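The values are calculated or read from the model by the stated rules, or taken from the named source; none is laboratory data. This structure is a prediction, so every number in the text was calculated from the model and none was measured. Here the Cβ positions follow ideal geometry from the backbone for every residue, glycine too, while neighbour counts run over all protein chains shown. We work out accessible area using only protein heavy atoms, side chains counted, and drop any ligands, DNA or RNA first. Shrake-Rupley method; radii C 1.70, N 1.55, O 1.52, S 1.80 Å.
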Amino acid sequence: MSIRTTESMTERENLVCRHIEKAFRTTIIRTGYLDDFDFYGVRDGRTVGVGEIKCRNNPHNEYPTVYLSVHKWSRLLEVSRALNVRGIFVANWTDQTRWIYVAQINASAHTIAGRYDRKDAPNDLEPMILVPTDEM
């Protein structure tokens, strides 16, 4: 595991993957911990989608937006276009799960955000897109 994940977070993401599999009638193949995004969706031996999962520890309506790394958004958009498949961003809160196609995300709504409390990890700060939860 990478320094940015825990066993419980991986389990939670795996549960979200099972929900995605049912909703999209696809098999989810997880990528590596340090890859640009979290999964490929596969159906009948072909890639049908790519995606990123963000698990939050609060209810969906506590904040009006959820962060998506500009880097991850960019890679999802690039790979989904190259493969001619959909890219999705999935957010899981304590009370529900929502998603949005990456092509529908307004990347101009961005800020610099991340963890300020880890002095040994300056790359924790990066450009983040503010994705409105009510658009998911």
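Here are the numbers:
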quantity: Unmet criterion (only one of (1) at pLDDT 95 or above; (2) open to solvent by 20 Å² or more (accessible area, probe 1.4 Å)) for Gly114; calculated: (1)
quantity: Residue in region 31-49 that is least open to solvent (accessible area, probe 1.4 Å), counting only those that are modelled with pLDDT of 95 or more, over 19 Å from Ile100 (Cα atoms) and of a type in the set (D, E, K, R); calculated: Arg43
quantity: Number of the condition not met by Ile20 [criteria: (1) open to solvent by 20 Å² or more (accessible area, probe 1.4 Å); (2) out of contact with any His (no Cβ under 9 Å at 6 or more places or on another chain)]; calculated: (1)
quantity: Members of region 75-91 that are surrounded by fewer than 21 Cβ atoms within 10 Å (Cβ to Cβ) and in contact (Cβ under 8 Å) with a residue 24 or more places away in the chain; calculated: Arg75, Leu77, Val79, Leu83, Val85, Arg86
quantity: Check on Arg86, among the basic types (Lys, Arg) and at pLDDT 95 or above; calculated: yes
quantity: Filtered residues of region 13-60 (kept if of a type in the set (Val, Ile, Thr) and in contact (Cβ under 8 Å) with a residue 60 or more places away in the chain); calculated: Val16, Ile20
quantity: Residue within region 62-69 that is surrounded by fewer than 13 Cβ atoms within 10 Å (Cβ to Cβ) and either under 23 Å from Thr133 (Cβ atoms) or at pLDDT below 95 (or both) present; calculated: yes
quantity: Flag if Asp95 is under 15 Å from the mean Cα position of the chain (by Cα) and either surrounded by 12 or more Cβ atoms within 10 Å (Cβ to Cβ) or closer than 19 Å to Cys17 by Cα (or both); calculated: no
